[in-house]
Each structure stands twice: as structure tokens, then as C-alpha cells.
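K.L.:
Next up is a structure, given as C-alpha cells.
The values are calculated or read from the model by the stated rules, or taken from the named source; none is laboratory data. Because the structure is predicted, anything quoted here is derived from the model rather than measured. Neighbour counts run over all protein chains shown; Cβ positions are idealised from the backbone, glycine included. Heavy atoms of the whole protein, side chains included, go into the accessibility calculation; ligands, DNA and RNA do not. Shrake-Rupley method; radii C 1.70, N 1.55, O 1.52, S 1.80 Å.
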Amino acid sequence: MARTTWKELSGGKRTAIVLLIIVQLALTGAAHADIAKSRESELTASKRTWRLISLIDVVGPLAYLLAGRRR
């Protein structure tokens, strides 16, 4: 099966890919910014652990933003 190149993708698919990349970068950036400003005692795991987890696709930053901080 032949691979599809970027130029062969429709405009809608290219737009969707770019938007997903932007969302991914925004979530990761928000998670890392929050980790940096938080004290370790405010987090449910170490800063290092959450930084590594937040690098996992979209799931990591979402996991941090939803469950990484103590209430």
C-alpha cells in the first residue's frame, strides 16, 4: 500500500492535522507551565513524573490537568 503524501491530502484533512497539532502543543504547554509554577507538595506525583507523563500524546497533559494537582 502506497503512503499518502502531505500534498495528496485534502484541505480538510490538512486543516484537521494542523489543528490537532496546535491542541497537542497547547495542552502540553499548559501542563508544563502549571507543573513549573506548582510546588511539589501540591502535586499527586513528583514534578519529574508529571513532566514525563505530559509528553504522552494528548492523554498525558489531560491526565495531569484533571488529576495531577491536589485539591
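K.L.:
Which one of these is β-branched (V, I, T) and surrounded by fewer than 10 Cβ atoms within 10 Å (Cβ to Cβ): T5, T44?
P.N.:
The match here is T5.
K.L.:
In this structure, is R48 in a loop (DSSP other than H, G, I, E, B) and either out of contact with any helix residue (DSSP H, G or I) (no Cβ under 9 Å at 6 or more places or on another chain) or polar (S, T, N, Q) (or both)?
P.N.:
Values: in a loop (DSSP other than H, G, I, E, B): no; either out of contact with any helix residue (DSSP H, G or I) (no Cβ under 9 Å at 6 or more places or on another chain) or polar (S, T, N, Q) (or both): yes.
When the stated conditions are applied, R48 does not pass them.
K.L.:
Determine which member of the set A26, A16 is in a helix (DSSP H, G or I) and within 13 Å of the chain's Cα centre (by Cα). Before the answer, list the steps.
P.N.:
Working: A16 fails: within 13 Å of the chain's Cα centre (by Cα).
So the residue among A26, A16 that is in a helix (DSSP H, G or I) and within 13 Å of the chain's Cα centre (by Cα) is A26.
K.L.:
Taking only pairs six or more apart or across chains, which ones have beta-carbon atoms under 9 Å, a first residue in the stretch 5-29 that is touching a residue at least 24 places away in the same chain (Cβ under 8 Å), and a second residue that is open to solvent by 90 Å² or more (accessible area, probe 1.4 Å) and among the charged types (D, E, K, R)?
P.N.:
Filtered contacts from the stretch 5-29: Q24/D57.
K.L.:
Same structure, new question: Does S54 fit the bill of being over 16 Å from the mean Cα position of the chain (by Cα) and either modelled with pLDDT under 95 or open to solvent by less than 70 Å² (accessible area, probe 1.4 Å) (or both)? Break it down into steps so the answer makes sense when it comes.
P.N.:
Values: over 16 Å from the mean Cα position of the chain (by Cα): no; either modelled with pLDDT under 95 or open to solvent by less than 70 Å² (accessible area, probe 1.4 Å) (or both): yes.
Considered against the rule, which asks whether it is over 16 Å from the mean Cα position of the chain (by Cα) and either modelled with pLDDT under 95 or open to solvent by less than 70 Å² (accessible area, probe 1.4 Å) (or both), S54 comes out as no.
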